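Here's the structure, in structure tokens; my notes come after.
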Amino acid sequence: IFDMDGVLVDTAPFHLEAWRIFGERRGRPVTTEFFYRHFGKKNDEIFPDMFGRLSPEEIQSLSDDKESLFRACIRGRIRPLLGVDHLIRSLHDSGIRIAVGSSAPRDNVTFIIGELGIGPLLCGLVSGDDVGRGKPDPSIFLGAAGVCGVLPHCCLVFEDAPVGVEAAKAAEMACVAITTTTTENNLRKADLIISEYSQ
């Protein structure tokens, strides 16, 4: 099971760009520290930190705007992380079931999977829109195991965010963490930590 942001593609610069535009338009400047503190979380967990109490309708409207900005920022500009495309194709050719489990909205996940051209290699995907709670809750990864028809303890998760590693371990799955968006020290709960896929 692959997370998406920071695992399949390095989307952090584009998310930061989108968050900064989004924040400037609303008089809520977004710092790099704020961005990385919330990286990997769902928008409905981030917005209250920016705006205070919000209705579900307000959260949805803000989320739609921010994610539209993000997709505009990445269109035609993203590339898979070095080695991940080869890894996914090798796993697929070996008969291993592959899924994407991301806290991102479904529109972002399907957009990026389409940009990368890996859709036909996946048995399914679970997005933040498909579950009630985002990482570190294990729902996303348990859902991904379900769409693949695989028991959780038979799954291996690739993650880059501390909350994602926590979610994988809460789901009783093995976890490989890649240091694309944070330091090794922050990922120490993972079973294995790598800096790139060629290792």
Taking each pair of distinct Cα atoms in segment 81-158 once, what is the resulting Kirkwood hydrodynamic radius in Å? 12.9
On a full-extension model of 0.36 nm per residue, what is the gain between residue 79 and residue 21, subtracting their alpha-carbon distance, rounded to one decimal in nm? 18.6 nm
Would you tally the net charge around residue 78, using a Cβ to Cβ cut-off of less than 11 Å, leaving residue 78 out, and scoring K and R as +1, D and E as -1? +1
Accessible area per residue, Å², segment 99-145 with all protein chains present, probe 1.4 Å: 34
May I ask you to derive the relative contact order of the chain, considering only C-alpha pairs under 8 Å and at least 6 residues apart, and to give it as an integer percent? 23
Exposure rule at most 16 other beta-carbon atoms within 10 Å, DSSP loop trypsin sites (Lys or Arg not before Pro): the chain longest free segment: 78-132
Most to least accessible of 33, 67, 172 (protein chains only, probe 1.4 Å): 172, 33, 67
Percent antiparallel among DSSP beta bridges with both residues in the chain, to the nearest 5? 5
Kirkwood Rh, Cα atoms: Rg over Rh of the chain: 0.95
Kindly provide the Kirkwood hydrodynamic radius of segment 121-178 in Å, to one decimal, from all pairs of distinct alpha carbon atoms. 11.2
How much length would be gained if the chain were fully extended between residue 154 and residue 179, taking 0.36 nm per residue of separation minus their Cα-Cα distance, in nm to one decimal? 6.6 nm
State the percentage of accessible surface on the chain attributable to carbon and sulfur atoms; use a 1.4 Å probe and exclude ligands, DNA and RNA. 50
How far is it, in nm, from the label point at residue 170 to the one at residue 37 when both lie 7 Å from their Cα along the line to the Cβ? 2.0
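The values are calculated or read from the model by the stated rules, or taken from the named source; none is laboratory data. What you are looking at is a predicted structure, and each value in this text was computed from that prediction instead of being measured. Ideal geometry is used to build each Cβ from the backbone, glycine not excepted, and the neighbour counts take in all protein chains shown. Each accessible area value is taken on the protein alone, full model and side chains, heavy atoms only, with ligands, DNA and RNA left out. Shrake-Rupley method; radii C 1.70, N 1.55, O 1.52, S 1.80 Å.
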